[in-house]
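*Asks:* Following this message is one structure expressed as structure tokens.
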Amino acid sequence: MLSGTGRRVHCIANNEEQAAICLDTARTMLRRQQREGVRVLWDRIEIAASDCVMTGLPAQERALDGLNPSFWIADEAAEFKGRFLTKLLTTGSKRKESLGLIITTPGSNPENIYGEMVGNAEAILKGEVDDDTVFAALYGIDPADTPDDEAAWPKANPGMEFEQPDRASVRRSWNTMKRSPMGRSEFIRYHCARTDENTGGWLDMEIWPGKENPDMDALKGRPAWLGLDLSKSLDMTALMLAVPMDDGRVALKGHYWWPSDNVRQRELDYRMPVRTWAAERRITLTPGREIDYESVRVKINELREQYDLRAVGYDSWGSKYLVECLEADGVPMTAYRMGISTFAPGCQLFQNLWAGGKLIIGDDPILRRSCAEARAQQDRNGNVRPVKSRENCIIDPLVSAIIAVHCWGGKRASCYELE
């Protein structure tokens, strides 16, 4: 910025406050240098004589309109919503020479463009891709390393040999944070620079039961239970099929619906590739702002023809019309009370099956996201139920899975059935 004319430099962060912090650092450095002709203002740094400006901007598409950067810095880019970085990468094409710097800790969301960029950087470092426009530097413990391995910590903290940070501080952090799934997740992300899914903290995603895909065709004709979590307006509807197997495990298969209205904005809000999932036939987009319950009815009747359907557990809130239609079809419907006295035993059963390796889920990124983002809420009696870890996240697939598993109840009658 201090050489040349017409330079435009932008510090871009996830929000305006964080962008201001980045700009503050530059302002402090320039005040110490006392460079002639440099004006350090509250919202920018400028050199009027050469028409050069440095500003801080939030990571929002409207903030990029009309930008022509010669240099930009993206801070904590892994948390940018949607594919914002795509626009940032292409906006520099207006100049003959433009440089971008991306600085970030690993993101908790593997579905945005950050994951693609890390994959591209790894391919460049391995020599699989030849791209001289990108200089890649990735720090972090290796997949085979464990977070308690002190010998691996310098891989994620190259300044550790200079006591930045010092090993004793990192060790204290590990001893404190290792006691809970959420704490381990935060340590792995911030101190080990490795992506971790335990953003909610209830279920340990290190033991996600996805290594084996259930063969649902081979299980047809067996006894099965369904859990149904119906949506409110602009929300997800989830239907989970649970099929107990002879070896004591339970196969789970999810079916999901989402309103198509304003889906692009909701992808940004929820940080989920809903349209990609729809194209892969993992989720059904229904027209309008609300779910077309007729498509849910058709799917339940289809599953009833394929399996020995024993019960469909459902939350009675707002489901009267659909339930009446399904009962008229001969589907065995069972109202499931979502109060803590009923739901907590179901949550305990699901957690036991999870920890015991008794669930088979396979490749289901929607249920996986739901399990990763669920936070445990505990009452004074120790009863636990999952709640959202943040406002814009989904736990409906997990709730439907808990209902399905609890209606089955294991090798004995469930607490809910005994009621």
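*Asks:* Would it be correct to say that Ser173 is part of a helix (DSSP H, G or I), without any contact (Cβ under 8 Å) to a residue 60 or more places away in the chain and in contact with a Phe, Trp or Tyr (Cβ under 9 Å, 6 or more places away or on another chain)?
*Replies:* yes
*Asks:* Pick from segment 22-43 the residues that are free of Cβ contacts under 8 Å to residues at least 12 places away in the same chain and under 22 Å from Phe80 (Cα atoms): which of them is surrounded by the most Cβ atoms within 10 Å (Cβ to Cβ)?
*Replies:* Among them, the one singled out is Asp24.
*Asks:* From the list Tyr307, Tyr314, exactly one residue is modelled with pLDDT under 95, closer than 15 Å to Met240 by Cα and in contact with a strand residue (DSSP E or B) (Cβ under 6 Å, 6 or more places away or on another chain). Which is it?
*Replies:* Tyr314
*Asks:* Which condition does Tyr314 not pass, out of (1) more than 20 Å from the chain's Cα centre (by Cα); (2) aromatic (Phe, Trp, Tyr); (3) closer than 25 Å to Phe80 by Cβ, if it passes all the others?
*Replies:* So the condition that Tyr314 fails would be (3).
*Asks:* Restricting segment 205-216 to residues that are surrounded by 14 or more Cβ atoms within 10 Å (Cβ to Cβ) and over 27 Å from Ser185 (Cα atoms), which is nearest to the chain's Cα centre (by Cα)?
*Replies:* Ranking the qualifying residues of segment 205-216, first place goes to Pro214.
*Asks:* Quick one: Ala151 ticks every box in (1) surrounded by 12 or more Cβ atoms within 10 Å (Cβ to Cβ); (2) among the hydrophobic types (A, V, I, L, M, F, W, C); (3) not in a loop (DSSP other than H, G, I, E, B) bar one, so which box is it?
*Replies:* Every listed condition holds for Ala151 apart from (1).
*Asks:* Filter segment 347-373 down to the residues that are in contact with a strand residue (DSSP E or B) (Cβ under 8 Å, 6 or more places away or on another chain) and part of a loop (DSSP other than H, G, I, E, B) and list them by number.
*Replies:* Of everything in segment 347-373, those that are in contact with a strand residue (DSSP E or B) (Cβ under 8 Å, 6 or more places away or on another chain) and part of a loop (DSSP other than H, G, I, E, B) turn out to be Lys358, Ile361, Asp364.
*Asks:* I've got another one for you. Name the residues in segment 217-240 that are surrounded by fewer than 18 Cβ atoms within 10 Å (Cβ to Cβ) and touching a Leu at 6+ places or on another chain (Cβ under 9 Å), would you?
*Replies:* Pro223
*Asks:* Right, something else. Just to be sure before I move on: is Val118 of a type in the set (A, V, I, L, M), over 23 Å from Ile188 (Cα atoms) and surrounded by 13 or more Cβ atoms within 10 Å (Cβ to Cβ) in the structure I sent?
*Replies:* Values: of a type in the set (A, V, I, L, M): yes; over 23 Å from Ile188 (Cα atoms): no; surrounded by 13 or more Cβ atoms within 10 Å (Cβ to Cβ): yes.
It is false that Val118 is of a type in the set (A, V, I, L, M), over 23 Å from Ile188 (Cα atoms) and surrounded by 13 or more Cβ atoms within 10 Å (Cβ to Cβ).
*Asks:* Follow-up. Please state which one of Ala344, Ala376 is in a strand (DSSP E or B) and among the aliphatic types (A, V, I, L, M).
*Replies:* The conditions single out Ala376.
*Asks:* When segment 367-397 is examined, which residues are found to be of a type in the set (A, V, I, L, M), surrounded by fewer than 21 Cβ atoms within 10 Å (Cβ to Cβ) and in contact (Cβ under 8 Å) with a residue 40 or more places away in the chain?
*Replies:* Ala376, Val384
*Asks:* Looking at segment 69-92, is at least one residue in a strand (DSSP E or B), surrounded by fewer than 18 Cβ atoms within 10 Å (Cβ to Cβ) and touching a Gly at 6+ places or on another chain (Cβ under 9 Å)? It would help to see each step written out before you state the result.
*Replies:* The first filter runs over segment 69-92 and keeps only residues in a strand (DSSP E or B), leaving 71-75.
Then drop every residue that is not surrounded by fewer than 18 Cβ atoms within 10 Å (Cβ to Cβ), which leaves none.
The answer is no, given that none of the residues of segment 69-92 is in a strand (DSSP E or B), surrounded by fewer than 18 Cβ atoms within 10 Å (Cβ to Cβ) and touching a Gly at 6+ places or on another chain (Cβ under 9 Å).
*Asks:* Name the pairs: first residue in segment 281-305 and assigned by TED's automatic domain parsing to the domain that holds Tyr256, second residue part of a helix (DSSP H, G or I) and among the basic types (Lys, Arg), Cβ to Cβ under 9 Å, at least 6 apart or on different chains?
*Replies:* Correct list of pairs: Thr284/Lys299; Leu285/Arg275.
The values are calculated or read from the model by the stated rules, or taken from the named source; none is laboratory data. Just so it is clear, the model here is predicted, and its values are computed rather than measured. Reconstructed Cβ throughout: ideal geometry from the backbone, glycine too, with neighbour counts over all protein chains shown.
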